[in-house]
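The values are calculated or read from the model by the stated rules, or taken from the named source; none is laboratory data. No experiment lies behind these values; they were computed from the predicted model shown. Here Cβ is always computed from backbone atoms with ideal geometry, including for glycine, and neighbour counts include all displayed protein chains. Please note that ligands, DNA and RNA were not included when accessible areas were found on the heavy atoms of the full protein model with its side chains. Shrake-Rupley method; radii C 1.70, N 1.55, O 1.52, S 1.80 Å.
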Amino acid sequence: MKRLFSILAITCLMAIGTVNANATTAFASATATVTSVTQAEPASEDLTFHQELKKRFIEGGPGFMGIVLLCLILGLAIAIERIIFLNLSTTNTKKLTQNVEDALNSGGIEAAKEVCRNTKGPVASIFYQGLDRADEDIDAAEKAVVAYGGVQMGQLEKNVSWISLFIALAPMLGFMGTVIGMIQAFDKIEAAGDMQPSLVAGGIKVALLTTVFGLIVAIILQIFYNYIIAKIDSIVNDMEDASITLMDLLVRHKK
C-alpha cells in the first residue's frame, strides 16, 4: 500500500513538473512573441518628422515635387534677403529728426547733411536729398524729397513680386500633379480592364501628395510675404512722416 502511494506521489510530482515546464515554455514563447511585436511596431512607427517628410516627398514623384521644392527654396531665399534688407533699412526717425534739427540750429545745412551721411536707411537718404536742394527753395527741396522717396520705395519693394509669383505657382503645380496622378490612375484601370483599389490607390496618393506639398509651400511663403509687406508699409509711413517734418524744419530754418 505504501509502495502504491509512493508511486502515485512520484507520478503526481512528475505530472506537475511537466505542466510547470510546459507553462514556463509557453510563457517564455508568449513573452518572446510580445517582445518581437513590440520591437517591430516602433520600427515601422519610429520615423522622425524629417524621415516621414522625405518618404512622402519621394512618393509624390521627383518631377513636380522637385519644382515645388525649387519654388520654396527660391521664395525663402528672396524673403530672407528682403527681411534682412528691410531690418537694416529701419531707422529711428525721431532720433534722426532731432539730430538733424540740432545740426541745423548749430551748424546749418552742411552739418545736417553730415548727420544724414552718417546714418543708414531710406529716411536719412531722403533727408539728405531735401537738404541738398535747400539752398534753392522749399519747392525744389520738396520735389527732390518726393522723387527720391519713390526711388527708395522701389528699392524696398525690389523682388517682392517674385515671392507672390511662387505663392501662386506652388499650389498650381500641386493641382497639376493631382490631375496627372488621376490620369495615371485611370490609365491603369483602362489597361487592366478592371476596377481594383490597388490600381487607383497609387495615382490618387501621388495626386494628394503633390497638392499637399504645394499648399504647404504657398502657406509658408505667404507668411513671409505678409510680414515683408507690413514692414515695407511701416518704413514708407516713416518716410512720409519724416518728409513732412523735414519740410517744416527747412521752413523754420529759412526764417
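Accessible area of segment 97-247 with a 1.4 Å probe: how many percent of it is carbon plus sulfur?
On the way: 4890 of 8030 Å².
The computed percentage sits at 61.
Give K158/K231; K143/K231; K113/K231; K120/K143; K113/K158; K95/K158 a once-over and call out the pairs whose C-alpha atoms are over 20 Å from each other. Walk me through the numbers before you get to the answer.
Working: K158/K231 13 Å; K143/K231 25 Å; K113/K231 26 Å; K120/K143 22 Å; K113/K158 27 Å; K95/K158 27 Å.
Flagged as over cut-off: K143/K231; K113/K231; K120/K143; K113/K158; K95/K158.
Of the GluC sites (Glu not before Pro) in segment 135-170, which ones lie in a loop per DSSP and count no more than 15 other C-beta atoms within 10 Å? Could the numbers behind the result be given before it?
Values: sites: E136, E142, E157; in loops: E136, E157.
Hits after loop and neighbour filter: E136, E157.
Please give the per residue accessible area of segment 57-124, computed with a probe of 1.4 Å over protein heavy atoms only, in Å². Walk me through the numbers on the way to the answer.
Details: 3590 Å² over 68 residues.
The answer is 53 Å² per residue.
Please report the base-10 log of the normalised intensity I(q)/I(0) for segment 72-135, using a Debye sum with one equal scatterer per alpha carbon and no solvent, at each q in 0.23 (1/Å).
So the normalised log intensities work out to -0.87.
Just to verify a number: FRET efficiency for D139 and E110, C-beta to C-beta distance, R0 = 25 Å, to 0.05? Intermediate results must be reported in sequence, preceding the final value.
Values: r = 21 Å, r/R0 = 0.85.
Calculated value: 0.70.
Would you mind computing the Rg to Rh ratio of segment 128-244 from its alpha-carbon coordinates, Kirkwood style for Rh? Working shown, then result.
Numbers: Rg = 26.0 Å, Rh = 18.3 Å.
Using Cα coordinates only, the ratio equals 1.42.
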